[in-house]
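The values are calculated or read from the model by the stated rules, or taken from the named source; none is laboratory data. This one's a predicted model, so the numbers in the text were calculated from it and none came from an experiment. Reconstructed Cβ throughout: ideal geometry from the backbone, glycine too, with neighbour counts over all protein chains shown. Ligands, DNA and RNA are excluded from the accessible area calculation, which covers all protein heavy atoms including side chains. Shrake-Rupley method; radii C 1.70, N 1.55, O 1.52, S 1.80 Å.
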Amino acid sequence: MDIVDIIKDSLQYPVDNYVEWIMMAILFFVSSLVSVVIGSSADNAVVGVIFSVISLVILLITEGYALKFAKKQIVGSEVTSLDMNELPTNLVADLINGFKLAVIGLVYLLVYGIIMAIISYLLGFFDKVTQFSSYFINAYQANPAAFNINAVINTIPTDVLANVMTASFIVAVIGVILIIITAVISYVAIGRFAETDSIVAALNVPEVCKKISEIGIGKFVVFCIIFIIVLIILDIISGIVALIPAVGNIIAATIVESFIMMFVYVALGKIYTE
């Protein structure tokens, strides 16, 4: 299928499958109401903690439910059952899958963090930052009342400034490149999980990369570019809707954010099967 057709079909999917969209919108609506409660319970820690846990559970259920959209495209499974007797079972299944997706995401994020820490160490980034920071620490300890950031900067040798700025720039560039690669791999890894129901399979990086090769690296890059552009446009629309006084955030979450979530997972399922 052509990339443009994949994007168009993914955008059309929530409209054509409005019952599934309504189910997703309900989850986002409830989540937005819980967020309002959390925001208004700053003076009550117990209520804040309770509703934060509820928010996390809803988030995991939402992610698990969204996975069904990718799964439907990949293996042809159904998404929504209107049988209320099956609702508790479905919610528990979605919660479990949402938790598994969180584990997959955290593992990839952890690997990214470890790799960046090693690279930063090898580049001497930590030593350079420590040396740079020591000037501020020493100046503050010497005379806290007269501490002035600009004055301290003027006392730092040019080579120390140059070293920390160069190291920071290199680490930042490498970090951006690696986070993009990590995001792409973890996105396809979700497709692997949708196909296999296996966390191990989703964390099998060689197999995930093999899948990207099967799709076609060039085709996948074009997909990512168009996909990101569409996401930016949808996020802008969500931001505009959120500006509506009083109820803007709730409307944006219920309608636009639920639409975006469906689009993301349907698009994943469609590109995964290419």
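Do we have any residue at all in the stretch 7-27 that's over 17 Å from K72 (Cα atoms) and small (G, A, S)?
Checking the stretch 7-27: at least one residue is over 17 Å from K72 (Cα atoms) and small (G, A, S).
Are any residues in the stretch 246-261 open to solvent by less than 40 Å² (accessible area, probe 1.4 Å) and either touching a Phe, Trp or Tyr at 6+ places or on another chain (Cβ under 6 Å) or assigned to a loop (DSSP other than H, G, I, E, B) (or both), and if so, which ones?
Passing the criteria: A253, T254, S258.
Those residues that are closer than 22 Å to I6 by Cα, out of contact with any helix residue (DSSP H, G or I) (no Cβ under 7 Å at 6 or more places or on another chain) and surrounded by 14 or more Cβ atoms within 10 Å (Cβ to Cβ), I need them from the stretch 45-81; list them, please.
The answer is K68, and nothing else.
If S120 satisfies every condition in (1) more than 17 Å from M165 (Cα to Cα); (2) touching a residue at least 40 places away in the same chain (Cβ under 8 Å) but one, which is the exception?
(1)
Exactly one condition in (1) touching a helix residue (DSSP H, G or I) at 6+ places or on another chain (Cβ under 9 Å); (2) surrounded by fewer than 13 Cβ atoms within 10 Å (Cβ to Cβ); (3) modelled with pLDDT of 95 or more is not met by V107; state its number.
For V107, the failing item is (2).
With the requirement that a residue be more than 21 Å from the chain's Cα centre (by Cα) and either assigned to a loop (DSSP other than H, G, I, E, B) or touching a residue at least 40 places away in the same chain (Cβ under 8 Å) (or both), what does the stretch 218-230 give you?
The initial filter retains those residues of the stretch 218-230 that are more than 21 Å from the chain's Cα centre (by Cα), namely 218-219.
K219, the sole residue that qualifies.
Those residues that are crowded, with 16+ Cβ neighbours inside 10 Å and aromatic (F, W, Y), I need them from the stretch 161-187; list them, please.
Result: Y187, single match.
I233 - would you say it is more than 16 Å from the chain's Cα centre (by Cα), at pLDDT 90 or above and either assigned to a helix (DSSP H, G or I) or of a type in the set (S, T, Y) (or both)?
Considered against the rule, which asks whether it is more than 16 Å from the chain's Cα centre (by Cα), at pLDDT 90 or above and either assigned to a helix (DSSP H, G or I) or of a type in the set (S, T, Y) (or both), I233 comes out as yes.
Can you name the residue in the stretch 193-217 that is outside any helix (DSSP H, G or I) and open to solvent by 30 Å² or more (accessible area, probe 1.4 Å) and is also farthest from I96 (Cα to Cα) among such residues? Let's see the steps before the verdict.
The first filter runs over the stretch 193-217 and keeps only residues outside any helix (DSSP H, G or I), leaving 197-198, 203-204, 216.
Next cut, open to solvent by 30 Å² or more (accessible area, probe 1.4 Å) only: 197-198, 203-204.
On the way: D197: 11, S198: 12, L203: 17, N204: 20 Å.
Top of the filtered list is N204.
Check I153, I190 and return the single one that is open to solvent by less than 70 Å² (accessible area, probe 1.4 Å), touching a residue at least 60 places away in the same chain (Cβ under 8 Å) and assigned to a helix (DSSP H, G or I).
On inspection, the qualifying residue turns out to be I190.
Which condition does I7 not pass, out of (1) under 22 Å from the mean Cα position of the chain (by Cα); (2) of a type outside the set (F, W, Y); (3) farther than 18 Å from T254 by Cα; (4) surrounded by fewer than 16 Cβ atoms within 10 Å (Cβ to Cβ), if it passes all the others?
(4)
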